[in-house]
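Q: Quick one: the structure is below, questions incoming.
The values are calculated or read from the model by the stated rules, or taken from the named source; none is laboratory data. Worth saying up front: this structure is predicted, and the values here are computed from it rather than measured. A quick note on method: Cβ atoms are made from the backbone with ideal geometry, for glycine too, and the neighbour counts reach across all protein chains shown. All accessible areas refer to the heavy atoms of the entire protein, side chains included, with ligands and DNA or RNA removed. Shrake-Rupley method; radii C 1.70, N 1.55, O 1.52, S 1.80 Å.
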Amino acid sequence: MSEFEFTSPTEQLRAEIAAAAARMIAEDGADYGSAKRKAARQILGNQKARGEIMPDNEQIEEEVRIYNELFFADTQPARLLHLRRVALQLMQDLQHFNPYITGAVWNGTAGEHSDIHLQLFSPSAKDVEIFLLNKNVNFEVGETAHFRTGQAVETLSFLLPQRGADPELAHLALYDENDLRGSLRVAPGKRADRGDAAALTQLIETTSEEDV
């Protein structure tokens, strides 16, 4: 899908893997890791994928944007706006636990199969569980890799009922409040990996001004 001129066979292979992974993410809702591995097998066959051939998530994310513009331009913007509004309501409900949004709903690549991913920075993960139980929310406990250390972080997943529509799946990764330190820094030219409710509200307001 990319229109760039490739300077080497390695760069071309990397782009082909990124494009194939993006299709799996946009069409099937695959996660980046599994999509990347499947795409590499699809492109390389039995050939071992060297590290320099594998695209990073940033390159794949850009390919997802391109794929959405090519094939889902008539539906993806409205879907993204809906998910952002649902996520904002959830963040407002969870404001006591310092929620930040991340993933496809935040970066703008969310599609039909995307879930809502929030990161909560709270002194007590147990308090989040008690809060949800008091709201009669049935959640499943899982794990997510810590965005900095890679260690397992407790994650609560549950369905958010929607009036007149299918429920949306939300995932709450429960971090210690100290994990937020330094995590909001953004390198020049890079997008922030997460945003608070105010940042998400600004995105929604900007999107709402456009035709979706």
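Q: Sum -39500 (n - 2.57) across every DSSP H segment of at least 4 residues in the chain, then divide by the residue count to get the 222 nm mean residue ellipticity, nearest 500.
A: So the helix-based figure for the chain works out to -14000 deg cm²/dmol.
Q: Are there chymotrypsin sites (Phe, Trp or Tyr not before Pro) in segment 119-181 that DSSP puts in a loop and that have at most 15 other Cβ atoms within 10 Å, and which ones?
A: Phe147
Q: Just to confirm, what accessible area per residue do you get for the chain at 1.4 Å probe, in whole Å²?
A: 59
Q: Output the antiparallel fraction of DSSP beta bridges having both residues in the chain, as a percent to the nearest 5.
A: Antiparallel bridges make up about 75 percent of those DSSP assigns within the chain.
Q: Continuing with the same structure: By per-residue mean of other Cβ atoms within 10 Å, what is the highest-first order of 29-35, 46-52?
A: For the peptides 29-35, 46-52, the packing ranking is 29-35, 46-52.
Q: Can you tell me the alpha carbon radius of gyration of segment 51-91 divided by the globular rule-of-thumb value 2.2 N^0.38 Å?
A: 1.54
Q: Moving to a separate point now. How big, on average over all directions, is the shadow cast by the Cα convex hull of segment 111-198, in nm²?
A: The directionally averaged projection comes out at 7.5 nm².
Q: In addition: Just to be sure I understand: if I project the alpha-carbon convex hull of segment 1-127 onto a plane and average over all orientations, what area do I get in nm²?
A: With the hull built on Cα positions only, its mean projection is 9.5 nm².
Q: Between segment 57-74 and segment 141-184, what is the C-alpha centre distance in whole Å?
A: Here the two parts' Cα centres lie 24 Å apart.
Q: Here's something else I'd like to know. Please identify the trypsin sites (Lys or Arg not before Pro) of segment 105-183 that satisfy two criteria: DSSP loop assignment and at most 14 other Cβ atoms within 10 Å. Which are they?
A: Passing sites in segment 105-183 are Lys135, Arg148, Arg163, Arg181.
Q: Using only the alpha carbon atoms of the chain, find the Kirkwood hydrodynamic radius as the inverse mean reciprocal pair distance, in angstroms to one decimal.
A: 18.5
Q: Round to the nearest 0.05 the FRET efficiency obtained for Asn138 and Ala49 when R0 = 41 Å and r is the Cβ-Cβ distance.
A: FRET efficiency, Asn138 to Ala49: 0.55.
Q: Compute the long axis of helix 57-71 from its Cα atoms, compare it with the longest principal axis of the Cα atoms of the chain, and write down the angle in degrees, 0 to 90, nearest 10.
A: 90
Q: Then there is this: Report, to the nearest 10°, how far helix 197-208 tilts away from the longest principal axis of the Cα atoms in the chain, using its own Cα long axis and a range of 0 to 90°.
A: Helix 197-208 sits roughly 60 degrees off the main axis of the chain.
Q: Using a probe of 1.4 angstrom, how much of the accessible area of the chain is carbon and sulfur, in percent?
A: Solvent-exposed carbon and sulfur of the chain make up 47 percent of the total.
Q: Report, in degrees rounded to the nearest 10, the 0 to 90 angle that the Cα long axis of helix 32-44 makes with the longest principal axis of the chain.
A: 10
Q: Length gain on complete extension for the stretch Asn178 to Ser157, per 0.36 nm per residue less the alpha carbon to alpha carbon distance?
A: Extending this stretch completely gives an extra 5.3 nm.
Q: Oh, and also: Which whole-number percent is the relative contact order of the chain (Cα, under 8 Å, 6+ apart)?
A: About 19 percent, as a whole number.
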